1. Filter region 75-87 down to residues that are part of a helix (DSSP H, G or I) and either at pLDDT below 70 or under 17 Å from the mean Cα position of the chain (by Cα) (or both), then give me how many there are.
2. So residue 30 clears everything in (1) touching a helix residue (DSSP H, G or I) at 6+ places or on another chain (Cβ under 8 Å); (2) at pLDDT 70 or above except one condition, right? Which one?
3. Under the condition of being assigned to a helix (DSSP H, G or I) and surrounded by 11 or more Cβ atoms within 10 Å (Cβ to Cβ), which residue from region 33-74 is modelled with the lowest pLDDT?
4. If I ask for residues that are surrounded by 10 or more Cβ atoms within 10 Å (Cβ to Cβ) and outside any loop (DSSP other than H, G, I, E, B), which ones from region 3-32 would you list?
């Protein structure tokens, strides 16, 4: 493997799935501003919208996760597009 290709400052970081509250810890170099206490240990915190515990592919459940209103925006654009197309 080439030297200097990968970062040297990996550290344990907590990732929190905001759709269901699941927290998992893995190594990362991502910078964070928040921290979280997990089992008496403080970790840097990265908030994510979806993980393997909430993604329909892994859970087998089809559910709509829309934290930013993207589905509503799409539906509005689609409705406007269809209205303009039928004129």
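The values are calculated or read from the model by the stated rules, or taken from the named source; none is laboratory data. Note that the structure is predicted; figures quoted are calculated from it, not measured. Cβ sites come from the backbone with ideal geometry, for glycine too, and all protein chains shown count toward neighbours.
1. Looking only at that region, the number is 5.
2. (1)
3. 58
4. 11, 12, 13, 14, 15, 16, 17, 23, 24, 25, 26, 28
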